[in-house]
Amino acid sequence: MRPKLTQYLIDKGYVTEDQCSEALQRQVIFGGRIGTNLLELFYLTDDQLLEALGHALHVSIADPVKLGEIDPSIIQGIPEDLARKYRVCPFESSKGRIHLAMMDPQMVEAINEISFITGKVIKPFVTTESKMSFLLEKYYRIRREMRFVSIPDEATRAQMRPSPPHWISPRTS
């Protein structure tokens with residue numbers, strides 16, 4: 001039986017069984033998560049992966065716009081050692097609650113420890129492994145692994161997608 005994430009991606013038509021198998025082989029060699037490997041192979045977009053993660057984990061997706069410019073006072077609310085340990089990033093805070101971007105929003109240990117230390121209720125949101133690496137570098141100065149430095153943003157990815165050979169003309173109806 002396939003994990004929920006890959007089954008969802010296949011059912012939605014985002015990837016094929018063969019593409020998942022290739023990504024799993026890469027995962028054995030290079031590590032990382034299956035979704036990250038599918039991104040690196042250009043089989044998925046960030047939006048497709050986020051949608052699948054939200055569905056598979058039954059949690060809300062961390063808004064990429066809100067993650068783009070986080071108030072420094074919110075970042076200071078979570079110590080760097082906890083952000084590194086659990087690979088999390090706070091992005092919103094209000095009246096006793098912190099919205100926390102996480103790769104694994106079902107990690108109860110992280111939620112409990114951060115809640116205890118901050119004295120606030122934690123609302124987990126999911127984000128991708130590559131996005132989390134970027135957030136930790138941007139806001140906590142935790143260096144990304146080289147594999148995440150090489151994952152381009154969505155606009156660059158679109159430019160990098162191979163175009164069909166010139167002798168194949170697009171269908172016209």
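The values are calculated or read from the model by the stated rules, or taken from the named source; none is laboratory data. As the structure is a computational prediction, the values presented were derived from the model and not from experiment. Cβ atoms come from the backbone with ideal geometry, glycine included; neighbour counts cover every protein chain shown. For the accessible areas, the whole protein counts, side chains as well, though only heavy atoms, and no ligand, DNA or RNA atoms are used. Shrake-Rupley method; radii C 1.70, N 1.55, O 1.52, S 1.80 Å.
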- Restraint check, Lys95/Lys131; Lys12/Lys85; Lys12/Lys138; Lys85/Lys120; Lys85/Lys123, Cα-Cα greater than 22 Å: Lys95/Lys131; Lys12/Lys85; Lys12/Lys138
- Please say if the range 1-62 is rounded, prolate or oblate, where rounded means a/c under 1.5 for a ≥ b ≥ c the square roots of the C-alpha gyration tensor eigenvalues, and otherwise the choice is prolate for a/b larger than b/c and oblate otherwise? prolate
- Query: Counting only heavy atoms of protein chains, what accessible area per residue, in Å², does the range 1-148 have with a probe of 1.4 Å?
  - Reply: 54 Å²
- Item | Under 15 Å, Cβ to Cβ, from Ile122 - net charge with Lys/Arg +1 and Asp/Glu -1 | +2
- Task: Using a 1.4 Å probe over the heavy atoms of the protein chains, calculate the carbon and sulfur portion of the accessible area of the range 1-47 as a whole percent.
- Result: 53 percent
- Query: Which peptide among 117-125, 10-18 comes first, and what is the full order, when sorted by highest mean count of other Cβ atoms within 10 Å?
  - Reply: 117-125, 10-18
- Item | In Hz, Karplus ³J(HN,Hα) per residue of the range 53-61 (6.51, -1.76, 1.60; θ = phi - 60°; x = Gly, Pro) | 4, x, 5, 5, 9, 6, 9, 6, 8
- Provide the gained length on full extension for the span Glu80 to Lys4, in nm with one decimal, where the gain is 0.36 nm per separating residue minus the Cα-Cα distance. 24.2 nm
